[in-house]
Structure formats: structure tokens, C-alpha cells
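To keep things clear, I will list the structure first and then write my remarks on it.
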Amino acid sequence: MAFATSAVLLIGIGLAGAQTASQEKPLLAEQAFKNIQVFKGLPVDDFMETMGIMAASLDFDCSDCHVGAGTDQVDWAADTSRKQMARLMVTMVANLNKNNFGGRQLVTCWTCHRNRDKPLVTPVMDTIYGKVTIEPDDVIVTAEGMPSPESILDKYIQAAGGAQRLASLKSFVGKGTSVGFGGFGGGGDVELVAEAPDKRATIILFKEATGRGDQIRTYDGHTGWVRTPLNVLGEFQLNGGDLDGARLDAQLSFPGQIKQVLTNLKTGPPGSITDLPAPASQASLQKDVTLGQTHDVDVVQGTGPRGLLVTLYFDRKTGLLLRELRYGNSPIGRVPTQVDFADYREVNGIKLPSRITYAWLDGRDSIVLSEIKTNVPVSEEKFGRPAPLKAR
């Protein structure tokens, strides 16, 4: 699947230069890559996510548009007929929204393509007369007769340990294993660390896959970094929607402050969610993990950092948070990132998830923590720029 590859689909690009250690201004796509034409002015993290939107919409991978992608002879900057068509389509989408919807982003790549190269143009009888699948809108409508969003969050706070005990949670360290999409790297050792109110790092070391490189996501309260194996950039600083997402993830690591983190709260209609599926190659490496369960949920939507749209799903029985779904922005559609939480375990009176599934348009990490310790010292270096890769 295009959006699940470690290398990101890049339309009309080639590496133009390395990123400096410290940036006062965001590194833009045209500064990092060559031959950028329709996405000038985008921070590199937003640019990478935009490529993910395109890949996911068409069910493409890098080699569908880029010469030699997946080999040592890749030429990212070379123009191909598909890249030229993609530029035309991006311009078309922008004009459709500008001229017909007052600039609101109502038409995206996904609107027509829906995981197909060529959009389906004719009604399908099996779809018309088969079981109806209703996908919820990104922006929910306040549901009548439902509990207030504040009461749902209060229930969550109480279920997680109560306001007083949660206020005492200042840090935690979790250790376990992680398997990426497709089982790439054979799985790695994961360390998840967080410090209140808004610092967090996920560090995955692939000790058995020499040459693969480590996968690291950090946020120190102001600055975020990502290092992803096999990624075209390898490592980059966050400045766009991914920075807002990193901040939110860090803040939500401490349940007691959830009501201060989100604004413009509203309750959506009740529903159900099912655990995010895993490919066999990934699930087979974590046979102790049970997936495929369906849960009845209460839905709360709010606004996070810099207007980030966030939808939270809480188990109606336990009150615990089961899913965080947040949406960044791109020129061609919202960028979803989904974090699922399961197997809550009590640690010093506080319930914390021991299974975390982190899914974005370019990958899926399945994390299982075997050990969680609370209120332990955490080195500030954990939250900064990842240390240089060591020779193997």
C-alpha cells in the first residue's frame, strides 16, 4: 500500500541539501528538494504528509511516479508523465475549491479516487443494493440528548485514576517492543518517555536490522523532530501540522490535563469503532496482541494546538480513551493520524495503556509495553534532536 511504505512518494523532487541543526525559520519543500513546482512554501513535514495523501488516495507507492524508486539509482527530480499529471490535478483541485466553494476544501484527491488510480465513474450494483457503509464526517455535528463533552472527559479522568492522583503524575517511562508496517526490520525495542506537561519521545531501536536506522519522534515542549528509516529526508524538524500533533500527543500523555488541552468541545453521536487492522506480516510478529475487537464509544471533538482538529473516542463501559484521531492540513486534503490505546494497566493507581498503535499515512507502529514506571527521572536529552546515528 502506497501510504504504508517507509519511503514517501515525492512528486517532482530530489534532495537539494541537508537540514541544519537549528532552524529559526521552517525548512521549506523547495529548500530541501529539487524541482518543486506546485507545493512551494510548504514546511517539509507538511510536504511529506501531502505526498502521503496523494499516495493513499491512488493506492500508489514511490515507484509508480519516480524513476528508480526503491533502488540505489532513484532519480526523484526527474519528470515523468504521472508527475506532470499530478501537478495538473493539484491545480485542478485548488481551482475547484476556489471557484465553487469559496476556498473551502471540499474537494480533495480522496473525494474522487478512493484508493484507485482512475476514479470510478459508474454506479456499481453491488454497492447500491449491498450493505451500506457510512463513513463519519471529519467534522462532527453536536448530537442531541448526549452527555456533555465535559462529563465524558470527567468520566475518563475518574476511570484513569481520579483528578488528584493524575495531578501527581509528572513523568513515565515505558519499555517494550514495536513492529512497523509489514514487519520491516523484524521489530524493535521501544522506549516511550514523557514528562509533564508537554514533553514526549518515542525511540525505537532496530538492533537486529543493521543498517536500517532507528525510528525516533521527539517533542521538547517547543520543538519536534522525526527520524524515520528509509525516509527520503531521513531526519527533519517539525514545523507544520506534525508539530501540532506532537504537542497534542505529549499533552494527552497526562490525562489529568485533558480539559485544559482541548477547546471548542462538542459531543458527537454514539457509535462503535473496531481495532485498526494489521497486515499478517506485522501481526504475526506480535501473536500475543489481540486485534479486531469492536467497542461502543462516546465521541468528543475539540480543537487542539493552533486549531488542530481532534476527535477522541471513549469506551462507553470503562470511560477510558480508546482512540485519538487528529487532522493536519495540506493543500489537497486533511491529513489523518490515528493513535489507538488498549490493554490499560494500573501503575501506582493510574491506568495507562500498554498497547499503542500509531498509524499515519506512511506507516503503522504497533507498540506493546511490557514495563511502565511513573514519576522517574528522565534525561532532557531524550526530548531533543535525535543523537547522530552510530556506525554499526
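The values are calculated or read from the model by the stated rules, or taken from the named source; none is laboratory data. Given the structure is predicted, the values throughout are model-derived calculations rather than measurements. Cβ placement follows ideal geometry from the backbone for every residue including glycine, while neighbour counts extend to all protein chains displayed. Calculation scope for accessible area: heavy atoms of the full protein, side chains included, ligands and nucleic acids excluded. Shrake-Rupley method; radii C 1.70, N 1.55, O 1.52, S 1.80 Å.
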Query - Two-site label geometry, MET92 and ASP154: point separation in nm, points 7 Å out along Cα→Cβ - result: 5.2 nm
Requested in this report: Take THR177, THR223 and sort them by solvent-accessible surface of the protein heavy atoms, 1.4 Å probe, largest at the top.
Outcome: THR177, THR223
Requested in this report: Report Rg(Cα)/(2.2 N^0.38 Å) for the chain, keeping two decimals.
Outcome: 0.99
Query raised in the report: Using 1/(1 + (r/R0)^6) with R0 = 41 angstrom and r between the beta carbons of GLN84 and ILE128, what's the FRET efficiency to the nearest 0.05?
Result: 0.70
Query - Heavy-atom accessible area order for PHE236, PHE341, largest first, 1.4 Å probe - result: PHE341, PHE236
Query raised in the report: Residue separation times 0.36 nm, minus the C-alpha to C-alpha distance between ARG114 and ASN100: what's the value?
Result: 2.9 nm
Query raised in the report: Once the whole set of protein chains is in place, how much accessible area is left on LYS207, using a 1.4 Å probe, in Å² to the nearest 10?
Result: 120 Å²
Report summary line: Helix-only [θ] at 222 nm, the chain, -39500 (n - 2.57) per DSSP H run of 4+, per residue, nearest 500, equals -6000 deg cm²/dmol
Query - Under 16 Å from LYS118, Cα to Cα: lysines that are on another chain or at least 8 residues apart - result: LYS83
Query raised in the report: How much accessible surface area, in Å² rounded to 10, belongs to the heavy atoms of TRP110 with a 1.4 Å probe?
Result: 120 Å²
Query raised in the report: Relative contact order, percent, of the stretch 186-265 when contacts are C-alpha pairs under 8 Å separated by at least 6 residues?
Result: 24 percent
Query raised in the report: Can you give the three extents of the C-alpha atoms in the stretch 216-322 along their principal axes, from longest to shortest, in whole Å?
Result: 41, 40, 21
Query raised in the report: Each residue of the stretch 123-134 in order: what ³J(HN,Hα) in whole Hz does its phi give by Karplus 6.51 cos²θ - 1.76 cosθ + 1.60, θ = phi - 60°, with x for Gly and Pro?
Result: x, 9, 4, 4, 6, 5, 9, x, 5, 7, 10, 9
Query raised in the report: Looking at the chain, which longest stretch skips every one of the GluC sites (Glu not before Pro) that is in a DSSP loop with at most 15 other Cβ atoms within 10 Å, leaving the sites themselves out?
Result: 209-392
Query raised in the report: Which value in Å does the Kirkwood hydrodynamic radius of the stretch 311-392 take, with 1/r averaged over all unlike C-alpha pairs and then inverted?
Result: 15.6 Å
Report summary line: The percentage of Cα-Cα pairs in the stretch 99-198 separated by more than 21 Å is 71 percent
Requested in this report: Determine the order of ARG82, ARG355 by accessible area, beginning with the largest, at a probe radius of 1.4 Å.
Outcome: ARG82, ARG355
Query raised in the report: Taking a probe of 1.4 angstrom, what is the accessible area of MET125 in Å², to the nearest 10?
Result: 120 Å²
Query raised in the report: If the cut-off is 20 Å between C-alpha atoms, which lysines fall inside it for LYS199, apart from same-chain ones fewer than 8 positions away?
Result: LYS170, LYS175, LYS259, LYS351, LYS373, LYS382
Query raised in the report: Got a number for carbon plus sulfur as a percent of the chain's accessible area, 1.4 Å probe?
Result: 53 percent
Report summary line: Other residues with Cβ under 13 Å from the Cβ of ARG104 give, with Lys and Arg +1 and Asp and Glu -1, a net charge of +1
Requested in this report: Quote the charge dipole size of the chain about the Cα centre in Debye, to the nearest 20; the model charges only the Cβ of Lys and Arg (+1) and of Asp and Glu (-1).
Outcome: 240 debye
Requested in this report: Within the set of other residues whose C-beta is less than 9 Å from the C-beta of ARG355, count the net charge using Lys and Arg as +1 and Asp and Glu as -1.
Outcome: -2
